[in-house]
1. Each label point is 7 Å from the Cα along the Cα-to-Cβ direction; what then is the distance between the points at Gln293 and Val101, in nm?
2. Which value in nm describes the separation of the simple spin-label points at Val268 and Thr130, placed 7 Å from the Cα toward the beta carbon?
3. Would you work out the charge dipole size for segment 257-457 about its Cα centre, treating the Cβ of every Lys and Arg as +1 and the Cβ of every Asp and Glu as -1, and quote it to the nearest 20 debye?
4. Which order do the peptides 341-349, 291-299, 415-423 take when ranked by the mean count of other beta-carbon atoms within 10 Å per residue, highest first?
5. Computed from the coordinates I sent, Kirkwood radius over Cα pairs in Å equals one of (i) 35.0; (ii) 26.9; (iii) 22.7. Tell me the label.
6. Counting alpha carbon pairs within less than 8 Å and at least 6 residues apart, what relative contact order, in whole percent, applies to the chain?
7. What is the calculated FRET efficiency for Ala8 to Ala140, with r their C-beta to C-beta distance and R₀ = 22 Å, to the nearest 0.05?
8. At a threshold of 8 angstrom on Cα-Cα distance, excluding pairs fewer than six apart, so keeping six or more, what relative contact order does segment 200-255 reach in percent?
Amino acid sequence: MGTEPGTAARRGAFVAVAVALFCVQVDFFALNLALPGIARDVDVSDSAAQWTLSAYMLAIGCFFIIGGRVGDVFGRRKALLGGLALFVIGSVGCALAPGLVVLVAARVVQGVGAGFVFPVSVSVISNTFTEEHRARALGAVFGVANIGTAWGPFVGGGFTQGPGWRWIFWLLAPLSALSLVIAVFFVPDSRDPTAPRQLDLIGCLTVVCALAALTLAVERGSAWGWDHTRTLTLFGVAVLAGFLFVRRENRIRHPLVDPKLFRNIPYVLVTAMGSVANMGYAVTVFVATLYLQGVRGLSPLMAGVVFLAPAVVVALSGPLGAGLAPRMRATAVMALAGAVAGTGMIGLTLVTAWWLYVPVFAWCGLGLGLGWTFSSVATQQVVPAARAGEASGVLLTFLVTLGAIALAAAASAITAMTPEVPAAAAYDAILRFGGFVILSASVVVMAVRHQLVRLGKLPPLSMRAPWPPPASRVP
């Protein structure tokens, strides 16, 4: 790993990464409200304009694993700079796009860049800061990134109603360019010293095919029909390509994703809990948006004001997780986040008065935000820093892919239920089911953890307890 970077390098790397992730999060959440304006401006249908979202989701979901591993193998500084350069080029291309085809192509470039930036940013922080300060730095970075999550809808809606949707990208282009310039001067390089400088290209091809087919089927399945030939064919391709990828990774000497990663039980527990939390986050935001505007009759602007409460606590969840990291084991923090999120989702179905709805919504946002944010911090605590990019890329792939699947499932379930029951009842049923799933996942995580602690395979919850235990206590 070399000598520890100096204070200037650490601060510069922190700023570069924080600004980069802020831009990625704004971009991720801004365009939904801009779709009607895009459709009018480039003279296409709303369904066609949806490809600006689908193309981005395809690209970013497919390149998380590749981006993380490229950083580990060839150098994280190079991978971060390359990802940021693509993101800047894609943002400028979106702002200047004369029509839908160019806009979608530019969104793909943006998505590929973001697919490199996010996992590599996490591994840059993990390898720039010492273990003592790593959790706090990651928590602060995700705190800044989550401000982008909160700002995204306001940026998208505000620019679309004001100067135009292109200004979303004119905002992102200089900000991401600033991050690139800072990274050039301050981000130190690091890589996995045990990995040869070669990449499993067949593994890259199969995982991209699997994730692209799955993401496209989930994104477009409701429009095409879940039993449509195109949807079923894409699911079939995803299964076949996924099988070939797993088979390939288990047979080659230097895999894209080391199968040993999935024998790391704390990593598996954190990834599973983080994925469930992000699924809950996607569903809750979707259902709450429908409820506030369709049942409560709020305007998009007033609905956005209500969303400020959970948005603020989601932004604070990064620093909160960093504060909990030295006091609680990673899996315990994840289970706690699930308990808060699950009770919050169920609580939203039980309250109607504004003076209760808003704080319950904030409580729900705290648990969901802590769950998906801290999962990125937690993975860096339970895997070697040399493979931080790979671990982060796999985690983010699960988060985004399963979040999209949960969102599609919720939309389909609401569509199926609304002819028989009122819309409000359908929304409540979805939230109750999601809350029950997250609470159950928290119980399972803690039960598995307790059993492994009893067997001496995991450290106890107390950070003060000696570990590893005396040999006489290990079976």
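1. My value for the distance between the label points is 3.1 nm.
2. So the label points at Val268 and Thr130 sit 3.4 nm apart.
3. Once rounded to the nearest 20, the dipole reads 660 debye.
4. Top to bottom by mean Cβ count within 10 Å: 341-349, 291-299, 415-423.
5. The value computed from this structure is option (iii).
6. Reported as a whole number, the value is 21 percent.
7. On the way: r = 17 Å, r/R0 = 0.78.
Taking R0 as 22 Å, the efficiency between Ala8 and Ala140 is 0.80.
8. 47 percent
Since every read-out is calculated from the coordinates, none of them should be taken as a lab result. Everything numeric in this text was worked out from a predicted model, so none of it was measured. Positions of Cβ are generated from backbone atoms using ideal geometry, with glycine treated the same way; all protein chains shown enter the neighbour counts.
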